[in-house]
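Report on one structure; see the data block that follows.
The values are calculated or read from the model by the stated rules, or taken from the named source; none is laboratory data. In this text the structure is predicted, and so the values were computed from the model without any measurement. We place every Cβ from the backbone using ideal geometry, glycine too, and count neighbours over all the protein chains shown. Areas reflect the complete protein model, heavy atoms only, side chains present, ligands, DNA and RNA absent. Shrake-Rupley method; radii C 1.70, N 1.55, O 1.52, S 1.80 Å.
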Amino acid sequence: MRLVSPSLPIGAFSYSRGLEAAVHAGWVPSEATARDWILGCLENVFTAVDGALFWRMIQALYADEHEGFANANAWLAASRESREMQLEDQRMGAALISLLKELDVPAAHSHARAGLTYPASFAIAAHHWNIAPPAALTGLMWTVVEAQVAAAIRLIPLGHVSGQRILVEAVPVVQRCTARAATLKDPEIGNLSVAMAMASAWHETQYSRLFRS
């Protein structure tokens, strides 16, 4: 629960993963479109890349396969579609590793200079606290949904009741995405999210911004 709490001090509230630019472009003006954007990105983008590679990383940690963990992390780092999304991933990953070091998690010290993605750092934390891989993957997906809903509440803006409705609808989607991510084979990993990539790239030069991505 600590790992999926929005109060986890890793700066997640600073990022929108392209949602701010999508709102600015008029693509996401309402609760319904916010739900479709957030849950659509989770199911069609995050699951097929972050989720599947996180599954490989946490399985590698439990099997003590350091090379497999490093390879999955490198694959994920190379999959970012814009500079902003890459920086978001690096900064959140570094922030979580820094926190884990302060909490005396041994693996955090050995990975402090490894340039880990956020899902890789999350996997290290989950492994340290003996969280079962399916539960850890579900938690990781929930952090993404909750952060996106919080961003949508501020950006569109939505009321908090609308945000709660999206979170209620997210539950079966997160469960479905967790099950799918754990079964994807290597050739099935990847995505082509043109709209999210474009929004993220536009956000880099957006005149006025609340978020860093």
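Couple of notes before you dig in:
- Rounded tilt (10° steps) of 52-62 against the dominant C-alpha axis of the chain: 30 degrees
- Dipole magnitude of the chain about its Cα centre (Cβ charges: Lys, Arg +1; Asp, Glu -1), debye to nearest 20: 300 debye
- Whole-number accessible area per residue in Å² for the chain, which is evaluated in the context of all protein chains at 1.4 Å: 48 Å²
- Rounded to the nearest 10 Å², the accessible area of Asp64 at probe 1.4 Å: 100 Å²
- Percentage, to the nearest whole number, of Cα pairs in the chain over 28 Å apart: 23 percent
- Surface share of carbon and sulfur [accessible, 1.4 angstrom probe, percent] for the chain: 56 percent
- In degrees, nearest ten, helix 31-41 long axis to first principal axis of the chain (Cα): 30 degrees
- Contact order relative to length of the chain, as percent, for alpha carbon pairs under 8 angstrom and 6 or more apart: 41 percent
- Computed over the alpha-carbon pairs of the range 113-213, the distance histogram in 10 Å steps reads 12, 31, 40, 16, 1 percent, short to long.
- Given charges at Cβ of Lys, Arg, Asp, Glu: the range 3-126 dipole, positive-most of Tyr62, Met85, Ala126: Met85
- Taking the average, over residues, of other Cβ atoms within 10 Å as the packing measure, peptides 54-62, 171-179 rank 54-62, 171-179 from highest down.
- Using 0.36 nm per residue and subtracting the Cα-Cα separation, the extra length available between Met1 and His160 on full extension is 55.1 nm.
- Length available on full extension from Ser208 to Tyr62: 0.36 nm per residue minus the Cα-Cα distance, which gives 48.1 nm.
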